[in-house]
1. Please find, in a Gaussian network model of chain B (springs between Cα atoms separated by less than 10 Å), the residue of B:84, B:137, B:170 whose mean-square fluctuation is greatest.
2. Considering every residue in A:426-434, what mean count of other chain Cβ atoms within 10 Å of its Cβ is obtained?
3. Using only the alpha-carbon atoms, how far is helix B:121-135 inclined from the longest principal axis of chain B? Give it as 0 to 90 degrees, nearest 10.
4. Using 1/(1 + (r/R0)^6) with R0 = 25 angstrom and r between the beta carbons of residue B:114 and residue B:140, what's the FRET efficiency to the nearest 0.05?
5. Please work out the Cα center distance from segment A:319-341 to segment B:1-54, rounded to the nearest Å.
6. Can you tell me which of B:200-207, A:397-404 comes out highest on packing, and rank the rest after it, using the mean Cβ neighbours within 10 Å?
7. What value, in deg cm²/dmol to 500, does the helix sum -39500 (n - 2.57) over DSSP H runs of n ≥ 4 give at 222 nm once divided by the residues of chain B?
8. Hey, what angle do you get for helix B:99-113 against the long axis of chain B, alpha-carbon based, 0 to 90 degrees rounded to 10?
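Just so it is clear, none of the values below were taken in a lab; they were calculated from the coordinates. All values derive from a computational prediction rather than experimental measurement. Here the Cβ is made from the backbone with ideal geometry for all residues, glycine too, and neighbour counts use every protein chain on show.
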């Protein structure tokens, strides 16, 4: 037993390859949070008065709240007055094309393996890149616009489509939702906005890459996606950050709205800096993501691969309001070294014949702590609601932990709710079996972990799935003695 | 006479300080099939694990020379890449890992080790299909995850299938007959026979003689209490079947 534990522990050390710091000049406000800070951000972004007011209302509400204590997480609480709430890469003017992007910034994206030009030319993925707080480049905008699709930074959407933003902003995640959502509503600086008009199937994957670059800043972005009747969109989100000794806060909000027969597929590969082996530094990732299946026969599908962050607190959820609507949640969460994750989903069944599927795969290594927290709620009117949940945990070594907190609340007798859970360890016998076929231990562990995550990976778009597999490998990589 | 493929000299080994193998000597040359028989707990499976290099099984004395190399010095994966194959008594399930994907990874590790170019998925499928035909295995086996949800018989057939693809110099079959009905046993044994060549060899570990009706050994060794207490030709297996292990054990303990 101790032998196999040692073997496994030998990998658990990992190197973070996105930890470089880019030397981009940035425009940063001094740390601190007050109504003045919020007015400053709003003014800096030339926002309309209604949005400034919306922010201030959220801020005032936030001041009445305290940070939630219920998650299964241990960390030093953030000093919200020590964070800078606005940092933008310095730019002289609005960009007309990618060629005008700061070359240092371009290098950053090259290092991330997402050369914007490449993306633009080869893969047909439209990318919106958000560094620190500001969207720096959105590709393919004009081509998408021909079909009436709006895909832009949040700031641009506020400027050009205020009616849409005002109509939907906060409609799924109101500022009163929770501590971090209230904070985000007060100070959010940018993010992505996407609108797919009636009957349009978005011809390419839309993608946002988020990066926290400046020191002592928080990143608070907001994403709003609206799929009108019969529309379809697949959206990808990726994130990285430099290695820094202090913890940095990321408190994002994502709102999805699917009208009648619309479909939104939202995929995330989250690789924020996880901190070092001893738990120093790393991103605090407190994110509120929720989708509303507003119309009948609509569908929202969340797929997430969470390998980064020191702390992950995140529950992408679906409100199944429309009859026959469907919600899906596929998740892989990996915690290594001192990482902690408390993640899961909520499926709220309101309409008739609503369906939800939850597949959660938690991997714990090192001293990582991984909690699944999920709620399935079937309201009185949700006749014939169905849910299937499966939560599997995989342990590597004997110093890590896996926890499951399922909450099931059924108020309609015709509902069917199934919950399956399992916990397993990578067996010494599995590793030996693969060794005996010529596969070395590190590759064997990667193979076993990837097999464990297969049901989730197959939900990801092809190239993202490949990236996710590699990322899991890197996150578990280390020296084999 | 051919030079030995494996030469085990006075091998002692144990697990957690407990001595299980107490001085085993065995020489296997290319083209030979050796059967190791013995009652439960005599050390048969331990011998297989020690040869394959399983962690926790410590060699405390003696030597093993395999294909001119000191086997004990090699890591388990390098033993495999050098052509030593262990067909497991209890094949392990690797959930979610596709059988073909796994086998190609194993095949390419061996190729890399031998400084050969790796084969791509298309070429590999051609190799695999040919072996499946040889062993009369269903193609569906390729699409399934490694041993996941396989019946006992399917698992054993999958072991022989892997053996066919990896084409080892020395195969150690650990109780490949256990848990098999007579039809499955015949299919597995025929597979082994089809793979037999003058340049490879097999050590067949078994409790019962019945497997040896199908895989005819050149030599039979009886293992008891960590030692080979009798060696002979294929007729020794029949004698054991008739008289039981007590016949030898009783004699030996006198």
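1. Highest fluctuation of the listed residues: B:137.
2. Across the residues of A:426-434, the mean count of other-chain Cβ atoms within 10 Å is 6.
3. On a 0 to 90 degree scale, this one is about 50.
4. 0.20
5. 51 Å
6. The densest-packed peptide leads the list: B:200-207, A:397-404.
7. Here the helix-only value at 222 nm equals -11000 deg cm²/dmol.
8. Once rounded, the angle reads 80 degrees.
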